[in-house]
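One structure is given here, and the rest of the page talks about it.
Only the coordinates and a few stated rules stand behind these numbers; no lab work does. Quick caveat: nothing in here was measured; it's all calculated off a predicted structure. Methodologically, a virtual Cβ is constructed for each residue, glycine included, from the backbone with ideal geometry; neighbour enumeration extends over all protein chains shown.
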Amino acid sequence: MLEIVAIVLLLVPLAGWVLSSVLMWLSAIWTRSDKTIGTIGALAFIPIGAISFFIPSGSDQSPVGSPVVDALNPGVMEAQALLTVALAVVTPLATAIFLAARLRSRLQAVSLTSTHTTKTQQRPGELRSSPASGQKGCRLRTRR
């Protein structure tokens with residue numbers, strides 16, 4: 001199924017995201033908002049991670065009076081890199097879970113709708129059994 005392949009590809013870095021985005025937009029099951037979330041949501045870690053590198057965690061004065069930026073501190077850079085990597089894993093995973101849940105609910109709705117219409121809807125002229133009269137094979141009357 002096209003939609004399941006799109007969800008799985010969403011978890012593959014870069015090339016998977018590109019193919020997943022194309023497959024999502026080709027699908028007729030998801031809504032426009034689902035497709036937008038799937039396209040943008042998986043890459044949300046990029047601006048968040050980039051912003052984290054530009055936000056200094058503070059600075060202090062060196063003995064000669066020049067400011068020392070914590071971004072040059074290896075501990076801060078490791079924490080920022082860890083945050084970016086964690087977001088790079090969590091964001092596509094959360095997006096895939098969201099889309100899988102939406103896909104499941106849409107498929108259930110389609111399944112219920114098609115089951116309901118096939119059981120209750122009969123076309124004029126079709127043969128049906130009449131439980132009230134006990135007759136089998138009577139034709140439905142049509143208005144003209």
Inset, instruction - Output the residues belonging to segment 9-18 that are loosely packed, with under 15 Cβ neighbours inside 10 Å and either assigned to a helix (DSSP H, G or I) or of a type in the set (A, V, I, L, M, F, W, C) (or both). - result: VAL12, LEU14, ALA15, VAL18
Inset, instruction - Would you tally the residues in segment 19-30 being over 20 Å from ILE46 (Cα atoms), in contact with a helix residue (DSSP H, G or I) (Cβ under 8 Å, 6 or more places away or on another chain) and either free of Cβ contacts under 8 Å to residues at least 24 places away in the same chain or in a helix (DSSP H, G or I) (or both)? - result: 4
Legend entry - Among residues of segment 74-102, those that are touching a residue at least 60 places away in the same chain (Cβ under 8 Å) and polar (S, T, N, Q), counted: 1
Legend entry - Among residues of segment 31-47, those that are under 17 Å from ARG106 (Cβ atoms) and either part of a loop (DSSP other than H, G, I, E, B) or not hydrophobic (A, V, I, L, M, F, W, C) (or both), counted: 7
Inset, instruction - Provide a single number: the residues in segment 80-105 that are farther than 9 Å from PHE45 by Cα and not hydrophobic (A, V, I, L, M, F, W, C). - result: 5
